[in-house]
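Any read-out appearing in this document is the output of simple, stated calculations on the displayed coordinates, not a laboratory observation. Since we're looking at a predicted model, the values are computed, not measured. We place every Cβ from the backbone using ideal geometry, glycine too, and count neighbours over all the protein chains shown.
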Amino acid sequence: MKAGSSYKVNITLLNDGSENWLDLHAVGIRAIGDTALWGPEWIPVPPGINSKQAYTVNFEINAPKIPGTYELSYQAVREGQGVSVTFGRPHKKAVTVR
């Protein structure tokens, strides 16, 4: 990546559980740690993703102005009824900024 530049990226989620993701819960991807400095901290997933269905979220990140190697880290989260629960494995990607 070029320092200070913007990039369009995507992450694909697979609902590999036995239940559909309902309106009752807000499902999305949360940036972990310093990753939130690159772009959105919360990327929502629309309700109604059925069991075994995939959904791709598209968003934009901004590379830091200081060259180096960074790790982007995102985690799927379900929020609702006063509870926030992470699920699945975090998605991590090492990125070199030049």
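Below, the figures for the structure above:
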| quantity | calculated |
| --- | --- |
| Relative contact order for the chain, counting Cα pairs under 8 Å that sit 6 or more residues apart, in percent | 36 |
| Farthest positive-ward along the range 26-95 dipole, Cα basis, beta-carbon charges - from 84, 26, 50 | 50 |
| Kirkwood Rh (inverse of mean 1/r, distinct Cα pairs), the chain, angstrom | 14.3 |
| Separation of the residue 97 and residue 52 label points, Cα + 7 Å toward Cβ, nm | 4.2 |
